[in-house]
Amino acid sequence: MNCDATRSQNKRLRFSAVFGIVHTFFSRPLAQSVEHMTFNHGVSGSSPERPTILIRDVMQKKITMVQETATIVNQLEMTGGYMRLTLQAPGVAGLARPGQFVHARVPGLEESVLRRPFSICDAGDGTLSILYKRVGVGTAQMATLPNGAEVDLIGPLGNGFPMPREGAQPVLVAGGYGVAPLYFLARKLSTTGHLFAGGKTSADILCAGEFERLGWTVHAATEDGSLGTRGYVTEALLPWLAGQPAAEVFACGPDGLLRALSQNVSQPLWVSLDKHMVCGVGACLACVQKIIQPDGSVAQMRVCHDGPVFAGRSVVWN
């Protein structure tokens, strides 16, 4: 068998293994999946480099989560096709921290084995909210759900933002609905700071009024100049940031924005990565990202489990 055929076969085997893992995991309740599932990431047998992983151990290492049937409290239509969904979910809401996310099974899409990940925009008093945009079949279906509809959630998942160091000035940088976890962070902080929000048009600048009501200073940037500075949000941020040595930066948005920040911000920087996710708990390795370790080595980290938040300059972008 030639090398190309071998690689092709290995890819098919990996896909089949991942699909089997995901299908088994999500076809039964979370507690059953955690207790009974065990699998091997290796294609042709285990080895010291590719050990057998027990999902229970993966999930209990760092994460506290629940599976919960949440009830829709309301859906608020925002500008530009964005929606804000509020759910009654006391179990998840009581555990959630800024920067974490939930994995949702959208009602009406039962034939789809995959859940959808959504950053937690806010949580408290038994409810949580998420921001999303109608861009595909899943979010289009979600937008039709009425008040009282039930949504199956697993969460909160991932490792969120750290609290700013003592004496730091918090600076939040958002691209589009990347503002979601940053609003949750702003609401949890004991001090106010600055939000830099960017988008293609004014319709992509979300929650500005809510940040202002919290006492934050909002700087907007739009590519068409319809609101705030004309251009990318980095064009508004970087000159201002040069005179703020005490700043600590927290960012969420598209990779292009996060990469630019990692390459140009000298102050402490934390970025929340957006990767395609499958299982959401670090089992399938579909969302791995190269991350520089404290000793200078590079490791493949799972964005859903080890992240989604990482130190900005630790991310290997190419």
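The values are calculated or read from the model by the stated rules, or taken from the named source; none is laboratory data. No experiment lies behind these values; they were computed from the predicted model shown. Glycine also receives a Cβ, built like all others from the backbone with ideal geometry; neighbour counts cover every protein chain displayed.
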Selection status of Arg116, under 21 Å from Gly253 (Cβ atoms) and not assigned by TED's automatic domain parsing to the domain that holds Pro181: yes
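Condition first: more than 15 Å from the chain's Cα centre (by Cα) and either among the acidic types (Asp, Glu) or assigned by TED's automatic domain parsing to the domain that holds Cys304 (or both). Can you find one or more residues in the range 154-164 that meet it?
Taking the range 154-164 first, the residues more than 15 Å from the chain's Cα centre (by Cα) are 163-164.
Right, trim to either among the acidic types (Asp, Glu) or assigned by TED's automatic domain parsing to the domain that holds Cys304 (or both) and you get none.
No, there is no match, as no residue in the range 154-164 is more than 15 Å from the chain's Cα centre (by Cα) and either among the acidic types (Asp, Glu) or assigned by TED's automatic domain parsing to the domain that holds Cys304 (or both).
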Inside the range 168-194, the number of residues satisfying the requirement of being over 17 Å from the mean Cα position of the chain (by Cα), more than 14 Å from Leu269 (Cα to Cα) and either part of a strand (DSSP E or B) or not assigned by TED's automatic domain parsing to the domain that holds Gly282 (or both) is 1
Just the residues that are of a type in the set (A, V, I, L, M) and in a loop (DSSP other than H, G, I, E, B), please, taken from the range 298-318. Val303, Val316
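Matching residues to (1) out of contact with any helix residue (DSSP H, G or I) (no Cβ under 9 Å at 6 or more places or on another chain); (2) closer than 20 Å to Cys304 by Cα; (3) modelled with pLDDT under 95:
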| site | (1), (2), (3) |
| --- | --- |
| Val135 | no, no, yes |
| Thr144 | yes, no, yes |
| Phe161 | no, yes, no |
| Gly167 | yes, no, yes |
| Tyr177 | no, yes, yes |
| Leu182 | no, yes, no |
| Leu185 | yes, yes, no |
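Table: residues versus (1) modelled with pLDDT of 95 or more; (2) touching a strand residue (DSSP E or B) at 6+ places or on another chain (Cβ under 9 Å); (3) surrounded by fewer than 20 Cβ atoms within 10 Å (Cβ to Cβ); (4) within 28 Å of Asp122 (Cβ to Cβ).
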site: Val233; (1), (2), (3), (4): yes, yes, no, yes
site: Gln244; (1), (2), (3), (4): no, yes, yes, yes
site: Asn264; (1), (2), (3), (4): yes, no, yes, no
site: Val271; (1), (2), (3), (4): yes, yes, no, yes
site: Val281; (1), (2), (3), (4): no, yes, no, yes
site: His305; (1), (2), (3), (4): no, yes, no, yes
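Is at least one residue of the range 283-294 within 13 Å of the chain's Cα centre (by Cα), under 16 Å from Phe101 (Cβ atoms) and either surrounded by 22 or more Cβ atoms within 10 Å (Cβ to Cβ) or of a type outside the set (Ser, Thr, Tyr) (or both)? Lay out the reasoning, then the answer.
From the range 283-294, those within 13 Å of the chain's Cα centre (by Cα) are 287; that's our starting set.
In the following step, the residues that additionally are under 16 Å from Phe101 (Cβ atoms) were identified as 287.
Subsequent filtering for residues that are either surrounded by 22 or more Cβ atoms within 10 Å (Cβ to Cβ) or of a type outside the set (Ser, Thr, Tyr) (or both) retains 287.
Yes: one or more hits.
Residues that are farther than 21 Å from Val179 by Cβ: find the helices (runs of 4 or more DSSP H) completely inside the range 200-297 holding 1 or more of those. Walk me through it before giving the result.
Details: elements: 208-213, 233-241, 255-264.
Filter on the range 200-297 gives 233-241, 255-264.
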Looking at the range 146-173, which of the residues that are aliphatic (A, V, I, L, M) and either in contact with a Cys (Cβ under 6 Å, 6 or more places away or on another chain) or under 27 Å from Ala208 (Cβ atoms) (or both) is surrounded by the fewest Cβ atoms within 10 Å (Cβ to Cβ)? Met163
Looking at the range 277-300, is at least one residue free of Cβ contacts under 8 Å to residues at least 40 places away in the same chain, within 24 Å of Ala197 (Cα to Cα) and assigned by TED's automatic domain parsing to the domain that holds Gly193? no
Got a number for residues in the range 119-134 being farther than 18 Å from Pro107 by Cβ, within 17 Å of the chain's Cα centre (by Cα) and either outside the structural domain of Thr71 (by TED's automatic domain parsing) or not small (Gly, Ala, Ser) (or both)? 5
Taking His103 as meeting all but one of (1) at pLDDT 95 or above; (2) in a strand (DSSP E or B); (3) under 15 Å from the mean Cα position of the chain (by Cα), write down the number of the exception. (1)
